[in-house]
Amino acid sequence: MPKDFAEDIHGFLNGEHREQALRETVRYVQSIIETIRDPLIVLDDKLRVISANQSFYDMFLLQPEETEGNLIFEVNGGQWDIPRLRELLEKILPRNTSFNDFEIDHNFPCIGQRIMLLNARRIYSEGNKTQSILIGIEDITERKHMEQEVAASEVRYRRLFETAQDGILILDANSGQIEDVNPFLIAMLGYSQEEFLGKKLWEIGPVKDIQASQEAFKELQDSEYIRYEDLPLETSGGKQIQVEFVSNVYPVNGRKVIQCNVRDVTERKKIEKLKDDFIGMVSHELGNPLTVITGCLNTVLDEEANLTEQEKTHLLRNAALETDVLSHILGNLLELARARAERLFLHVEPIDTYIVARNVVERIMQQYSSYKIMADFPEDIPLVDADPLRVERILYNLVDNACKYSPKGSEVRIFAKLNANDIIIGVRDQGVGIPISEHKMIFSAFERLETNASGRVKGTGIGLMVCQRLVEVHGGQIWLESAPGKGSTFYFSLPLKHSAH
Ligand code: ADP
């Protein structure tokens, strides 16, 4: 038990009046002090320890005998000799009656690194004019660490929020008012932070169906979770986008908030549709020639006795023709797959492009017998280093398109021009033509123009893309000149000398 605390307090508070009532008050105060869980220490005006409560001795692993009567700075080998505390007690406190919440972060030899909060009061004893200092000590090490943890975690989550590649909205669950919005959503929808904050979702532009949104909000309040696979929204620039919208309710500091995660799935939906369309298109484009082939072959087999030689030849020729169409489509698909996997390797040799062009004319004439298809090359056209089958495929695609998108009987001309380092091969038709605005787009996969005849003409929408890939691996370029009603000319260049990529 420390020295009688009552006496000290009694001494400095009351001087000579040692009345019974006061004694009791002092005892009462003493018992309070002893039960206070935070350490307390009393110093005299020379900064010597008069006494301390049990919590002080427990916390600093000290005994009253080694503490009381000593200068605070000398207690337990000088562990309290902390420059800032010294300054405070020697310089600041004499000028003030108290100091509050003075934080010290100190390594105490017996208890290690601790963060303490000190509160001090100067207490005067009027009678004998002595002065004491009461210091309350609060160990806030754990609290400080927790605060630092919380602050660090707040920084981490704030960063996640700020840098998330999904839009995030935080709403008040009762009012539906937007409390926070992350930069990604601001960029996605093109509205400023001010336009979001304090509003309800349906009060800002992106949501068009206000009634549906209000109903959805009610449902969210009731079920605390809502998910939409593809919600249509409109950006501030008027662009229609589709978003995946997931929101849930959770409690924060005793109240409920709603977090909405908004992911732009416009591109994904477009790709999904492209894939679906592609599967449909491939089945259709492969199915058609196959039906003809099976039909022709079965007729020849089943009706052999009833068919003339001429009829049989005609049927077999048809089957052969459709096999060529089928193998051309499959070939294009394969080239595309190879290009996507970056496994498009060429078998380069010196080739005569005129011979390749003639082959294409011969093959394609069988399908488009009513067209005037011709290869018109200068006589001195030199050999080029290229893959003959790939050049044939490029030309076949271009001539096939030229016929598909031109009226029957019209002229399709393949021509060539020699430059210093490359030759340019062109395919000119007298067909429907292509608006300039679409010139770039038609080289993308599965893009087929609504505006010209593609709706009525069969096709896979990958021919030009395959041409572009094949020309590029040869080190050449592909482009076109065309306008609606004026026909089209597709050009591609092939370097005379192929340099391996
Ligand atoms: P498709 O199998 O649809 O012909 P392509 O990739 O070869 O696919 O061509 C893409 C689109 O470009 C076509 O659907 C068509 O709209 C347009 N196109 C291509 N060549 C021509 C042409 N010679 N004349 C007019 N339009 C063309």
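The values are calculated or read from the model by the stated rules, or taken from the named source; none is laboratory data. Note that the coordinates shown come from a computational prediction; the quantities given were computed from them, not determined experimentally. Here Cβ is always computed from backbone atoms with ideal geometry, including for glycine, and neighbour counts include all displayed protein chains.
List every residue pair whose Cβ atoms sit under 9 Å apart, with the two residues 6 or more apart in sequence or on different chains, where the first one lies in the stretch 53-82 and is modelled with pLDDT of 90 or more and the second, anywhere, is part of a loop (DSSP other than H, G, I, E, B) and among the polar types (S, T, N, Q).
Short answer, once both residue conditions are applied: Tyr57/Gln63.
If only one of Val427, Val432, Val412, Val360 is in contact (Cβ under 8 Å) with a residue 24 or more places away in the chain, in a helix (DSSP H, G or I) and either of a type in the set (Val, Ile, Thr) or closer than 16 Å to Thr489 by Cβ (or both), which one is it? Full working, then the answer.
Details: Val427 fails: in a helix (DSSP H, G or I); Val432 fails: in a helix (DSSP H, G or I); Val412 fails: in a helix (DSSP H, G or I).
Going through Val427, Val432, Val412, Val360 in turn, the sole match is Val360.
Within the stretch 119-131, identify whether any single residue is over 30 Å from Arg48 (Cβ atoms) and either part of a strand (DSSP E or B) or modelled with pLDDT of 90 or more (or both), and answer yes or no.
Checked the stretch 119-131: no residue is over 30 Å from Arg48 (Cβ atoms) and either part of a strand (DSSP E or B) or modelled with pLDDT of 90 or more (or both).
Between a first residue in the stretch 282-295 that is within 15 Å of Ala320 (Cα to Cα) and a second residue that is exposed (fewer than 14 other Cβ atoms within 10 Å of the Cβ) and modelled with pLDDT under 90, which pairs have beta carbons less than 9 Å apart while being 6 or more apart in sequence or on different chains?
Sorted first by the residue in the stretch 282-295, then by its partner, the pairs are Asn288/Lys458.
Within the stretch 430-464, track down each residue that is within 8 Å of the ligand (Cβ to nearest atom), modelled with pLDDT under 90 and within 14 Å of Lys404 (Cα to Cα).
Residues satisfying the conditions are Arg448, Leu449, Asn452, Ala453, Ser454, Val457, Lys458, Gly459, Thr460, Gly461.
What tally of residues in the stretch 419-429 results from selecting those that are more than 13 Å from the ligand (Cβ to nearest atom), surrounded by 14 or more Cβ atoms within 10 Å (Cβ to Cβ) and farther than 20 Å from Met465 by Cβ?
Qualifying residue count for the region: 3.
Do you know which residues across the stretch 90-110 are surrounded by fewer than 14 Cβ atoms within 10 Å (Cβ to Cβ) and either more than 48 Å from the chain's Cα centre (by Cα) or at pLDDT below 85 (or both)?
Glu90, Lys91, Ile92, Pro94, Arg95, Asn96, Thr97, Ser98, Asn100, Pro109, Cys110
Condition first: more than 12 Å from Asn261 (Cβ to Cβ) and in contact with a helix residue (DSSP H, G or I) (Cβ under 8 Å, 6 or more places away or on another chain). Now tell me which residues in the stretch 182-197 satisfy that.
Pro183, Ile186, Ser192, Gln193, Phe196
Evaluate the stretch 271-289: report whether one residue or more is among the β-branched types (Val, Ile, Thr) and either at pLDDT 95 or above or within 30 Å of Ala187 (Cα to Cα) (or both).
Applying the first criterion (among the β-branched types (Val, Ile, Thr)) to the stretch 271-289 yields 271, 279, 282.
Filter once more, keeping what is either at pLDDT 95 or above or within 30 Å of Ala187 (Cα to Cα) (or both): 271.
Scanning the stretch 271-289 turns up at least one residue that is among the β-branched types (Val, Ile, Thr) and either at pLDDT 95 or above or within 30 Å of Ala187 (Cα to Cα) (or both).
Only one of Gly409, Gly461 is of a type outside the set (A, V, I, L, M, F, W, C), surrounded by 15 or more Cβ atoms within 10 Å (Cβ to Cβ) and at positive phi. Can you tell me which?
Gly461 is the lone residue from the list that is of a type outside the set (A, V, I, L, M, F, W, C), surrounded by 15 or more Cβ atoms within 10 Å (Cβ to Cβ) and at positive phi.
Go through the stretch 187-209 and report how many residues are under 20 Å from Asn248 (Cα atoms) and of a type in the set (A, V, I, L, M, F, W, C).
Qualifying residue count for the region: 5.
Okay, residues lined up against (1) in contact with a strand residue (DSSP E or B) (Cβ under 7 Å, 6 or more places away or on another chain); (2) under 25 Å from Lys497 (Cβ atoms); (3) of a type outside the set (Asp, Glu); (4) not assigned by TED's automatic domain parsing to the domain that holds Gln468:
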| position | (1), (2), (3), (4) |
| --- | --- |
| Ile351 | yes, yes, yes, no |
| Tyr354 | yes, yes, yes, no |
| Met365 | yes, no, yes, no |
| Lys408 | no, no, yes, no |
| Ala420 | no, yes, yes, no |
| Lys440 | no, no, yes, no |
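Of (1) modelled with pLDDT of 95 or more; (2) within 9 Å of the ligand (Cβ to nearest atom), Tyr396 satisfies all except one. Which?
The single condition Tyr396 does not satisfy is (2).
Tally the residues that are of a type in the set (D, E, K, R) and either within 24 Å of Asp81 (Cβ to Cβ) or out of contact with any helix residue (DSSP H, G or I) (no Cβ under 9 Å at 6 or more places or on another chain) (or both), restricting the search to the stretch 25-58.
6
Out of Glu142, Glu138, Glu87, I need the residue that is surrounded by 15 or more Cβ atoms within 10 Å (Cβ to Cβ), outside any loop (DSSP other than H, G, I, E, B) and among the acidic types (Asp, Glu). Which one? Lay out the reasoning, then the answer.
Numbers: Glu142 fails: surrounded by 15 or more Cβ atoms within 10 Å (Cβ to Cβ); Glu87 fails: surrounded by 15 or more Cβ atoms within 10 Å (Cβ to Cβ).
Exactly one of Glu142, Glu138, Glu87 is surrounded by 15 or more Cβ atoms within 10 Å (Cβ to Cβ), outside any loop (DSSP other than H, G, I, E, B) and among the acidic types (Asp, Glu), namely Glu138.
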